[in-house]
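What follows is a set of notes on a single structure, which appears directly below.
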Amino acid sequence: MIAFLSGKLLEKQANTAIVDVGGVGYEVSIPLSTFYELGDVGSDVSLRIYTHVREDAIQLFGFKTVRERDLYLRLISVQGIGPKMGITMLSGMSADEMILAIRTEDLARLTSIPGVGRKTAERLAIELRDKIGELSSGGTTASDVGSGASLPADAVFEDALSALVNLGYQRPAAEKALKQAAQDGTEITVQKLLRKALQVLAK
């Protein structure tokens, strides 16, 4: 079972990364929080891995920190949350926000994530409230490493929009949130745009 990958970053998108390990490229599904932390294509990368085996496929899910992977494993232990939904949840808010929302039973915050209904949010709060205490402290925050600032603005917008739609947000709502996020006037990168758009969508 693959638990760790270390190699060169061959390709990265908001939802996936390809890591070249000794000439073999591993495609790994990643949350946005990990995407923010990845360097530029060609840089060294190390990811903690969860391997999900199905009858018809083997899927790899990658995380920048052990803490993030541990939180992910707790999320997918809850009935109704599969591996892909777990990634969507970690993309919808940071690990710290997720832990706080679960511990304080902030159902409104949890249900703002696409695909998370009230019953699932309630199950999360009930089942994980006492299991995530040890994850509450520490952990790194996302940085703007490898910001991709060389991309033209329209390409940045399209990449961010594609990422939000893949996460389950409705296209019109995603476009509106991105336009609102882009009005900031600061240098636009995919990472910054996604972060701000997700904050808008969570309100």
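Every number here is computed from the coordinates shown, using simple stated rules; none is lab data. Nothing here was measured: the structure is a model prediction, and the numbers come from that model. All Cβ positions, even for glycine, are placed from backbone atoms using ideal geometry, and neighbour counts span all protein chains on display.
Key figures
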{"quantity": "Cut-off 19 Å, label 7 Å out along Cα→Cβ of Lys8, residues of region 34-59 by amide N", "calculated": "38-47"}
{"quantity": "Ranked packing of 51-58, 172-179, 81-88, most packed first, by mean Cβ within 10 Å", "calculated": "81-88, 172-179, 51-58"}
{"quantity": "Computed P(r) (all Cα pairs; region 153-201; 5 Å bins; percent)", "calculated": "4, 27, 40, 22, 5, 1"}
{"quantity": "For region 52-57, 3J(HN,Hα) per residue [Karplus equation, 6.51 cos²θ - 1.76 cosθ + 1.60, θ = phi - 60°, Hz, x = Gly/Pro]", "calculated": "10, 9, 10, 4, 10, 6"}
{"quantity": "Fewest-first ranking of Glu37, Glu11, Glu134, using other Cβ atoms within 10 Å as the exposure measure", "calculated": "Glu134, Glu11, Glu37"}
{"quantity": "Ascending count of other beta-carbon atoms within 10 Å, so fewest first, for Phe63, Phe157", "calculated": "Phe157, Phe63"}
{"quantity": "With eigenvalues of the C-alpha gyration tensor scaled by 5 and rooted, the chain, Å", "calculated": "25, 23, 15"}
{"quantity": "Evaluated over region 4-63, the Cα radius of gyration and Dmax, each in Å", "calculated": "10.8, 34"}
